[in-house]
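Asker: Let me begin by handing over the structure; questions about it come next.
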Amino acid sequence: MEITIRNMRISDVATIAKYDMVLLGETLGEETIKSHLENSDLMRYLIMEEKETKEIIGQISLWIDEDKAQINNFYIIKKYQRMHLGKSFMDYVMKYLGAIHVKEITLEVRASNEPAIKLYESFDFKVVTVRKNYYSNGEDAFLMYVGIGSD
Ligand SMILES: CC(C)(COP(=O)(O)OP(=O)(O)OC[C@H]1O[C@@H](n2cnc3c(N)ncnc32)[C@H](O)[C@@H]1OP(=O)(O)O)[C@@H](O)C(=O)NCCC(=O)NCCS
């Protein structure tokens, strides 16, 4: 299976809002995502898709402000999980952020989300803060951080 990674388009938004709900249990909503795609210089939405069929495999959304970036949403749809595609997607994003001279990357993850935490740790992210009762179900969030680049 061959994959490609590309910028999200307006025509993807309805599918992405649906997948957000399935994979993350929440979404910014179609209107907000569309307005980010059309108007925001800070938000970047990337899609991983199957090259031939164009099936969407996953997405990562990023907030990038000069040398700081935050990973907002990240998922691989269920049927493609555990095939190292999440790792490939993260690898692409880390190289991309390095190439545009980002130095610090942060993200928030549910304390119980072992698959995601393991994946982030493999890219040297470390838990730097615990945000107690951060989610609506009372669960804690881990704020994870990695510094990249040489200086
Ligand atoms: C987290 C997520 C993106 C991982 O994507 P994936 O493509 O399935 O992950 P990969 O196959 O690339 O796995 C990479 C590593 O992550 C860890 N990992 C991934 N899934 C795991 C699982 N179910 N259990 C334990 N470790 C897991 C392993 O260390 C794995 O390496 P290994 O297969 O060599 O052991 C995917 O599980 C997902 O979309 N989850 C739902 C949404 C979500 O939680 N997003 C993150 C929000 S912060």
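Asker: Those residues that are within 18 Å of D124 (Cα to Cα) and among the aromatic types (F, W, Y), I need them from segment 44-100; list them, please.
Answerer: F74, F89, Y92, Y96
Asker: Identify, please: which residue in segment 97-109 is touching a residue at least 12 places away in the same chain (Cβ under 8 Å) and surrounded by fewer than 17 Cβ atoms within 10 Å (Cβ to Cβ) and is, among those, nearest to the ligand (Cβ to nearest atom)?
Answerer: Start the filter on segment 97-109 by keeping residues that are touching a residue at least 12 places away in the same chain (Cβ under 8 Å), which leaves 97-98, 100-109.
Still in the running and surrounded by fewer than 17 Cβ atoms within 10 Å (Cβ to Cβ): 98, 100-101, 103-104, 106, 108.
Working: G98: 19, I100: 22, H101: 24, K103: 21, E104: 17, T106: 12, E108: 7 Å.
So, considering only residues that are touching a residue at least 12 places away in the same chain (Cβ under 8 Å) and surrounded by fewer than 17 Cβ atoms within 10 Å (Cβ to Cβ), the one nearest to the ligand (Cβ to nearest atom) is E108.
Asker: Out of R82, R131, report the one residue that is open to solvent by 20 Å² or more (accessible area, probe 1.4 Å), within 15 Å of the ligand (Cβ to nearest atom) and over 23 Å from M43 (Cβ atoms).
Answerer: Details: R131 fails: over 23 Å from M43 (Cβ atoms).
Residue meeting the stated conditions: R82.
Asker: I'm checking my understanding of the structure. Among residues of segment 15-74 that are of a type in the set (S, T, Y) and within 16 Å of the ligand (Cβ to nearest atom), which one is farthest from the chain's Cα centre (by Cα)? I'd like the intermediate steps shown before the answer.
Answerer: Pass one, segment 15-74, residues of a type in the set (S, T, Y): 15, 19, 27, 32, 35, 40, 45, 53, 61.
Applying the additional criterion that residues be within 16 Å of the ligand (Cβ to nearest atom) yields 15, 19, 27, 45, 61.
Numbers: T15: 16, Y19: 13, T27: 13, Y45: 8, S61: 5 Å.
This residue is T15.
Asker: Within the set of pairs 6 or more residues apart or between chains, which connect a residue that is farther than 17 Å from Y92 by Cβ inside segment 1-17 to a residue that is loosely packed, with under 14 Cβ neighbours inside 10 Å with Cβ atoms less than 8 Å apart?
Answerer: Final answer for the pair search is I10/E38; A17/G29.
Asker: When you check S88 against the structure, is it at pLDDT 95 or above, touching a His at 6+ places or on another chain (Cβ under 9 Å), within 12 Å of the ligand (Cβ to nearest atom) and not acidic (D, E), yes or no?
Answerer: Details: at pLDDT 95 or above: yes; touching a His at 6+ places or on another chain (Cβ under 9 Å): no; within 12 Å of the ligand (Cβ to nearest atom): yes; not acidic (D, E): yes.
In short, no.
Asker: Quick check on segment 110-151: of everything there that is free of Cβ contacts under 8 Å to residues at least 24 places away in the same chain and among the basic types (K, R), which residue is farthest from D91 (Cα to Cα)?
Answerer: Result: K132.
Asker: Being in contact (Cβ under 8 Å) with a residue 40 or more places away in the chain and outside any strand (DSSP E or B) is the filter here; which residues of segment 68-93 pass it?
Answerer: I77, K78, L85, S88, F89, Y92, V93
Asker: Does I56 count as within 25 Å of R82 (Cα to Cα) and either in contact with a Gly (Cβ under 9 Å, 6 or more places away or on another chain) or in contact (Cβ under 8 Å) with a residue 60 or more places away in the chain (or both)?
Answerer: Details: within 25 Å of R82 (Cα to Cα): yes; either in contact with a Gly (Cβ under 9 Å, 6 or more places away or on another chain) or in contact (Cβ under 8 Å) with a residue 60 or more places away in the chain (or both): no.
So I56 fails the test.
Asker: Name the residues in segment 10-51 that are part of a helix (DSSP H, G or I), open to solvent by less than 20 Å² (accessible area, probe 1.4 Å) and of a type in the set (V, I, T), would you? Please lay out each step first, then the result.
Answerer: Quick first cut of segment 10-51, residues part of a helix (DSSP H, G or I) only: 10-24, 30-39.
So of that shortlist, the ones also open to solvent by less than 20 Å² (accessible area, probe 1.4 Å) come out as 12-13, 16-17, 20, 33.
Scanning segment 10-51 gives V13, I16, I33.
The values are calculated or read from the model by the stated rules, or taken from the named source; none is laboratory data. Everything quoted here is computed from the prediction, not taken from an experiment. Cβ: placed from backbone, ideal geometry, glycine included. Neighbour counts: every protein chain shown. Note: areas computed on protein heavy atoms with side chains; ligands, DNA, RNA excluded. Shrake-Rupley method; radii C 1.70, N 1.55, O 1.52, S 1.80 Å.
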